[in-house]
Structures are given as structure tokens and as C-alpha cells.
Amino acid sequence: MFDRSNLLLIQSAKLGNARQITTALERGAQVDTTDAEGTTALMFAAQSGATEIVDLLLAAGADLNLHRHQFGTTALMFAAAANRVAVVDRLLAWGANVDAVNEDGSTALMAAASVGAVEIVSLLLAAGANVVCVDADGDNALNMAIDRNHAAVVRQLIDAGADLHYRRSDGKTPLLLMSAPADVTILQMLLAAGADAQAVDNEGDSLLIIAAEQGYTSLIQPLIAAGATIDFQNHEGWTPLIAATSSKQTEIVAALLAAGANPDLQSQELETALHLAAIEGDLDLVRLLLDRGAKTDLITNLGDTPLVLAALHEHIDVVAAILKSGTDLNAHQQGVTAFGLAIVNLYVEIAQLLLAAGVSPNQTFKDRQTPLTIAAIKGNLNLARSLVDAGAQIDSQDDTGATALMWATHRRHHDIVKLLLAAGANPSHRNQGGLTALDLAQINSDRYAMELLGKA
């Protein structure tokens, strides 16, 4: 339990009151007394940069290497993290342990590197700080400086002998920790010092793949210039181009293509960059890839072409672009073509594009239903009209013997009944139950349909 002098010492250190510090010490305060978390007066003074108080406490015999109960932080670490240059200088002069570690294994050098404290890093290195020490997470001072984009500190640590080839448990080297906003200066320093531009982490990702996916545009050209393999594939078969496409990094995709990236390399799932662009519906990316000669007929392990995927996701402009480039109109996903997907999902504009490109309107689907049959069942007049105009067989019968006219009548889609009759549909056809369209109208007590069919 605090006596009054100890309490006065701690409170005075928190407030930066040097006079009261002297008073507390004169009244017998223990110089290394702590608060509930184990913070000493010296730690408070070091963190706040109160050099006069630091001098008073050191002169009074404060233990400058004590570790705080909570987190294990020392006064030197507090001062380094707060960028208190004068305090760090004093503590080192009084013999502070430059390589003391907290409960996470972090040192004062790591703390200074994390905040970009250039002067303090210089002081610590001059005092013999271990530049290759790693914390419990496997990070060292260089990793921390790179992660926080402190170029000047990176330079200091490289010059002090930091290990450029050290790998964390996830396989990441210092180079692979480059992040946004990425400083090209740091990249150039690392490469010039001998960092491996081809290094990969445990996922098989190179920095070029990481930069492409994360949108670190400024790193792309320097990496290519440094010899990074432009078509390198990670464990999933992703290339930098596929990675950039997946996150819609248009500028990076353009740069990679201009540098000669192969747009037709496939991932483990046999996806190309064009497949991903089609899924995303990104017309700019699709055009970039097509302009560079990307193949439109490659299939994924599910049998998808870019056209099928664009149709599936109702990306009308992308469908149009792929059709203009030329592709296999009848490629299919487990038996379903792009046209089939458009019909089943009532993507009328896509169906119209495919019909204009030469797709047959008389394909048959499940139960031998035709596109016109499906349009009649679902009551989509625009789709039905487009199919009729494209030459759909009006009286095709499905497995039940039903025609499009019968389905339209049964579902009370009168506009389609009129369209089909005007196109020459035969109202006399019978289904397997022996019923005509007129019979179905009578069963439904649909007087309007009976009138239409009766006139036919």
C-alpha cells in the first residue's frame, strides 16, 4: 500500500512536477515505487520526455532497467516509443540495457523503428542494439520499419547489418512486407542491398503478386525492372495478372500486359484473368485483356467460358464485348450454354445479343423445352417476341406434348397467346393428355383466351 511520499512521487512524475519530485524524495519516497500496473516514476518521466525529472530520479538511484509489471516495458522502451531523444540519450549514458525485451520479445530498437524515430535508432545502434533480434511474432526492427513505411529507418537498419533474407513463420521476408502506401525508395534500398525480388511466402506469393492484388501501383514497374518474374504462379496458380484482375486493379493490369504478361495462364481452377473480369463485370478490364489477345474459349474446371460467366452474372456489356471479339457460342457449363442461362434467368438483352450473334433459337433444354416454351411459361413477352423474330419453331412440343401456345394459355399469358397465334401457331395440336390450347382455356374458364383461340 502506498505511503504518502510514494504516492506523491508517482503523481508528481505523471504531472511533470520536478519540485514535488524533490520533495517526495526528501520525505523518503522509494525511488522505484510503482503504480498498480507496475509503472515507476522514471517510466512516466521517460514517456513524457521530462528530462529534468529523469535526471533527478537517476541521481536518486532509480533502477533504469526495471520492467513494468504490465507488458514488461522498460523506461528505455517508453522513451523510444514516444520519440524522446534526450531521455534515451540519458538512459543509455546511465547504462540502460539496450537489448532488454518486454513480454512480447520487443526491444527499444523495435519500438523506435515502429514510430520512425531516426535519432533514437541512431543512438540505440551506436549503443550496440541487436539489429536482428525478433519478437514473439517473429518480427524484427527492419520488418516494423518497412511495415510502417519509415524509409530513413530502413536505411539505418540495412547499414547496421539487418538480415534481408530473414523469414517469419509465414515465410515473409522483409521485402514481402512492403505495404501501402508503399514507398518505392524502400523497395529500391532493399533490392540494392541484395533482397531477393523473387522471394515467396508460404502461400507461394511473390511481392509482384501481392502488389498486384493489393493495388500497390508504385511497386509494379520497379519490381519488373528488378527482374521479378511477370508470369510467376503461386500455389493456387495465380499470376500477378490474375491477382490484379481479381481486385479490379485496372492500371496494374494494363502495366502487366504492356510488360508482356500472358493473359491466358490458368489457375489451379483453370481460371484466367478474363474469367475473373467476366465474373466481376468489369468492362474496362475485359477490353484490356481482349485487346491483348486473351483467349475467349478457355474453360474452367467447371466448364465455364468467360462468355458463360458473363451471361450467368448478367453483365450485358461484357457479353457484347466478348461476342465482338469472337467466341464459341455453344460452350457450356454442365450442359447449359450462355444462351440457356439467359433464357432460364430471363436475361432478355443478353439473349438478344446472342441471337444476333447467331445462336439458334431452337435449342432444347430440360424436358425438351425450347427457349420459346420457357418464355411462354414465364410470361416474358419481349423474350418471346425476340425468339419469334429470330425464327423460333412455333409449334415445338416438349416431353408432355405441350407447345408454347398451350403453356401461354395455361398460364394466362394473353399477350404471348396473341403473339404466337399471329406468328402462325397451330391451336389444334394436342398434348399427351389429348388436350388442345382451347381445351386448357376452357378448363381455366378463361373467356378471353377462349375467344382468342376460337377465332383462330
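Quick rundown of the values:
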item: Complete set of residues in region 78-96 that are in contact with a helix residue (DSSP H, G or I) (Cβ under 8 Å, 6 or more places away or on another chain) and farther than 18 Å from residue 117 by Cβ; result: 94
item: Number of the exception - residue 376 against (1) touching a residue at least 12 places away in the same chain (Cβ under 8 Å); (2) more than 42 Å from the chain's Cα centre (by Cα); (3) loosely packed, with under 15 Cβ neighbours inside 10 Å; result: (3)
item: Residues that are over 50 Å from the mean Cα position of the chain (by Cα), of a type outside the set (Gly, Ala, Ser), in a loop (DSSP other than H, G, I, E, B) and more than 23 Å from residue 339 (Cα to Cα), drawn from region 386-431; result: 426, 427, 429, 430, 431
item: Residue 441 crowded, with 19+ Cβ neighbours inside 10 Å, assigned to a loop (DSSP other than H, G, I, E, B) and touching a helix residue (DSSP H, G or I) at 6+ places or on another chain (Cβ under 9 Å); result: no
item: Residue match in region 308-330 (condition: at pLDDT below 95, in contact with a strand residue (DSSP E or B) (Cβ under 8 Å, 6 or more places away or on another chain) and surrounded by fewer than 18 Cβ atoms within 10 Å (Cβ to Cβ)); result: yes
item: Cross-chain or 6+ apart pairs with Cβ under 7 Å, region 179-197 first and modelled with pLDDT under 95 and crowded, with 18+ Cβ neighbours inside 10 Å, then part of a helix (DSSP H, G or I) and of a type in the set (Ser, Thr, Tyr); result: 182/218
item: Residue among 412, 368, 385 that is of a type outside the set (S, T, N, Q) and under 30 Å from residue 281 (Cα atoms); result: 385
item: Any hit, region 111-127, residues being touching a Ser or Thr at 6+ places or on another chain (Cβ under 9 Å), among the polar types (S, T, N, Q) and at pLDDT 95 or above; result: yes
item: Of residues in region 216-238 being outside any helix (DSSP H, G or I), at pLDDT below 95 and not aliphatic (A, V, I, L, M), the one nearest to residue 260 (Cα to Cα); result: 227
item: Criterion (closer than 20 Å to residue 155 by Cβ, buried (at least 18 other Cβ atoms within 10 Å of the Cβ) and either touching a His at 6+ places or on another chain (Cβ under 9 Å) or of a type in the set (D, E, K, R) (or both)) met by exactly one of 112, 80, 108, 117; result: 117
item: Breaking point among (1) within 19 Å of residue 347 (Cα to Cα); (2) in a loop (DSSP other than H, G, I, E, B), for residue 373; result: (2)
item: Neighbours by Cβ (under 7 Å, 6+ apart or cross-chain): first from region 334-363, in contact (Cβ under 8 Å) with a residue 24 or more places away in the chain; second of a type in the set (Phe, Trp, Tyr) and surrounded by fewer than 19 Cβ atoms within 10 Å (Cβ to Cβ); result: 340/365
item: Selection within region 99-130 - assigned to a loop (DSSP other than H, G, I, E, B), of a type in the set (A, V, I, L, M, F, W, C) and closer than 20 Å to residue 38 by Cα; result: 100, 101
item: Residue that is among the β-branched types (Val, Ile, Thr) and within 25 Å of the chain's Cα centre (by Cα), where the choices are 120, 158, 186; result: 186
item: Selected residue (criterion: nearest to the chain's Cα centre (by Cα)) from residues of region 256-313 that are among the acidic types (Asp, Glu) and either assigned to a helix (DSSP H, G or I) or at positive phi (or both); result: 280
item: Test: residue in region 65-77 that is buried (at least 24 other Cβ atoms within 10 Å of the Cβ), hydroxyl-bearing (Ser, Thr, Tyr), modelled with pLDDT of 95 or more and farther than 30 Å from residue 147 by Cα; result: no
item: Cβ-Cβ under 7 Å pairs, at least 6 apart or on other chains, region 274-293 side among the acidic types (Asp, Glu), far side modelled with pLDDT of 95 or more and surrounded by fewer than 18 Cβ atoms within 10 Å (Cβ to Cβ); result: 280/248; 282/248; 284/250
item: Neighbours by Cβ (under 7 Å, 6+ apart or cross-chain): first from region 126-146, crowded, with 16+ Cβ neighbours inside 10 Å; second basic (Lys, Arg); result: 139/168
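Yes/no matrix, rows are residues, columns are (1) more than 23 Å from residue 118 (Cα to Cα); (2) part of a loop (DSSP other than H, G, I, E, B); (3) of a type in the set (S, T, N, Q); (4) touching a residue at least 40 places away in the same chain (Cβ under 8 Å):
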{"position": "22", "(1), (2), (3), (4)": "yes, no, yes, no"}
{"position": "32", "(1), (2), (3), (4)": "yes, yes, no, no"}
{"position": "43", "(1), (2), (3), (4)": "no, no, no, no"}
{"position": "46", "(1), (2), (3), (4)": "no, no, no, yes"}
{"position": "58", "(1), (2), (3), (4)": "yes, no, no, no"}
{"position": "64", "(1), (2), (3), (4)": "no, yes, no, no"}
{"position": "71", "(1), (2), (3), (4)": "yes, yes, no, no"}
{"position": "76", "(1), (2), (3), (4)": "no, no, no, no"}
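The values are calculated or read from the model by the stated rules, or taken from the named source; none is laboratory data. Computed from a predicted structure; not experimentally measured. Here Cβ is always computed from backbone atoms with ideal geometry, including for glycine, and neighbour counts include all displayed protein chains.
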